[in-house]
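The values are calculated or read from the model by the stated rules, or taken from the named source; none is laboratory data. Values in this document were obtained by computation on a predicted structure and should not be read as measured data. For neighbour counting, all protein chains shown are included, and Cβ atoms are generated from backbone atoms with ideal geometry for every residue, glycine included.
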Amino acid sequence: MQKHHWLRAGLFAAAASAAFAAAPAQAQGSLVMYCGVQEEWCRAMSGAFEKETGIKVAMTRKSAGEIYAQLKAESSNPRGDIWWGGTGDPHLQAAEEGLTQDYESPANKDLHEWALAQWEAAKKRSVGIYAGALGFGYNTQQIKAKGLAEPKCWADLLDPKLKDDVQVADPNSSGTAYNLLATVVQLMGEDKGFDYLRALHKNISQYTKSGAAPAKAASLGETAVGIVFIHDAVVFAVQGDPIKAVAPCEGTGYEIGSMSIVKGARNLDNAKKFYDWALTPAAQALAAPAKSYQVPSNK
């Protein structure tokens, strides 16, 4: 009788163990995530983290400039926990203003030097998660129809035949556009750089809210040229759209996409868990399936 009792107990324990092993992660609180990359990548990251940890993620997608402005507006009563993605300059600005907090992840040892340089520049309040070079994408059909040679340089975008046929993001909302401004000034000097931007303005049809939007517009033929990070143009080239990505002949700048923990985060422990997880190879490998082709920060 005793033997049967222990047998039943053993079978019950084994069944319970198997049930727990097969079950998804149990709920472990929540996380408010401000995401500064493309929607598809944002959803992939938030969904994978939620599935792996059981932590419920409330994700909002905005441009880096918009997220920075939101953190500033909410500084007296923070609502976000983690800011993931978007160009590094707004992250650095937020760090300088005390809108984000310092954190050293155990994963730092596995990161490229440029990612750690961002962390050090931000006084440990932001870290690099990917890198991407600035350039532009042009619609091959539109350029051919205008009788233009393939644009290869920043100077080519000043051609009068491109009047009202170039798009770039608005620097008031987009880190991409701010990167363009900084790139041009560093390449040409302040005076010539602003002369270039004034001349370029004559060809701009729209200053978009999102940094990546001009690439989509170029792929659809809504504009001949979209000034974007090169990986944003590659997304549409890979799927067969008539768009070609260009690294300008004069040289170019680049972004270090970053991640920061919000100062005063209500779910601080979960923010740190996401931060550590987002720096792993497995998490960063979610980029390519989401059609994002930046260089990951994990070696």
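I'd like the residue in the range 285-297 that is surrounded by fewer than 18 Cβ atoms within 10 Å (Cβ to Cβ) and among the small types (G, A, S) and, out of all such residues, is modelled with the highest pLDDT. It comes out as A285. Please identify the pairs in which a residue from the range 150-166 that is in the same structural domain as A215 (by TED's automatic domain parsing) and without any contact (Cβ under 8 Å) to a residue 24 or more places away in the chain has its Cβ atom under 6 Å from the Cβ atom of a residue that is surrounded by 12 or more Cβ atoms within 10 Å (Cβ to Cβ) and outside any strand (DSSP E or B), counting only partners at least 6 apart or on another chain. Partner pairs satisfying both residue conditions: K161/K146; K161/L148. Could you tell me whether the range 266-275 includes any residue that is more than 15 Å from A169 (Cα to Cα), in the same structural domain as A44 (by TED's automatic domain parsing) and either within 14 Å of the chain's Cα centre (by Cα) or aromatic (F, W, Y) (or both)? Yes, there is a match, as at least one residue in the range 266-275 is more than 15 Å from A169 (Cα to Cα), in the same structural domain as A44 (by TED's automatic domain parsing) and either within 14 Å of the chain's Cα centre (by Cα) or aromatic (F, W, Y) (or both). Only one of the numbered conditions (1) at pLDDT below 95; (2) in the same structural domain as I67 (by TED's automatic domain parsing) is violated by A121, and that is (1). What about Y138, is it buried (at least 22 other Cβ atoms within 10 Å of the Cβ), modelled with pLDDT of 95 or more, touching a Pro at 6+ places or on another chain (Cβ under 8 Å) and of a type in the set (S, T, Y)? In short, yes. Looking at this structure, is G175 of a type outside the set (A, V, I, L, M, F, W, C) and at pLDDT 95 or above? It is false that G175 is of a type outside the set (A, V, I, L, M, F, W, C) and at pLDDT 95 or above. Sort out which residues of the range 210-250 are buried (at least 24 other Cβ atoms within 10 Å of the Cβ), β-branched (V, I, T) and more than 27 Å from H91 (Cβ to Cβ), and write them in order of number. Those that are buried (at least 24 other Cβ atoms within 10 Å of the Cβ), β-branched (V, I, T) and more than 27 Å from H91 (Cβ to Cβ): T223, V225, I243. Of all the residues in the range 288-299, those that are in contact with an Asp or Glu (Cβ under 7 Å, 6 or more places away or on another chain) and either closer than 16 Å to K109 by Cβ or in a helix (DSSP H, G or I) (or both) number 3.
Checking G257, G253 one by one, the residue that is buried (at least 16 other Cβ atoms within 10 Å of the Cβ), small (G, A, S) and under 16 Å from G36 (Cα atoms) is G257 and no other. Count of the range 90-118 residues, restricted to those that are in contact with a helix residue (DSSP H, G or I) (Cβ under 7 Å, 6 or more places away or on another chain), within 19 Å of P296 (Cβ to Cβ) and outside any loop (DSSP other than H, G, I, E, B), is 5.
Just to verify a result, which residue in the range 70-86, among those that are of a type in the set (G, A, S) and either touching a residue at least 24 places away in the same chain (Cβ under 8 Å) or touching a Phe, Trp or Tyr at 6+ places or on another chain (Cβ under 6 Å) (or both), is surrounded by the most Cβ atoms within 10 Å (Cβ to Cβ)? So, considering only residues that are of a type in the set (G, A, S) and either touching a residue at least 24 places away in the same chain (Cβ under 8 Å) or touching a Phe, Trp or Tyr at 6+ places or on another chain (Cβ under 6 Å) (or both), the one surrounded by the most Cβ atoms within 10 Å (Cβ to Cβ) is G86.
Residues that are touching a helix residue (DSSP H, G or I) at 6+ places or on another chain (Cβ under 6 Å) and more than 15 Å from I55 (Cβ to Cβ) were ranked within the range 260-284; the one that is surrounded by the most Cβ atoms within 10 Å (Cβ to Cβ) is S260.
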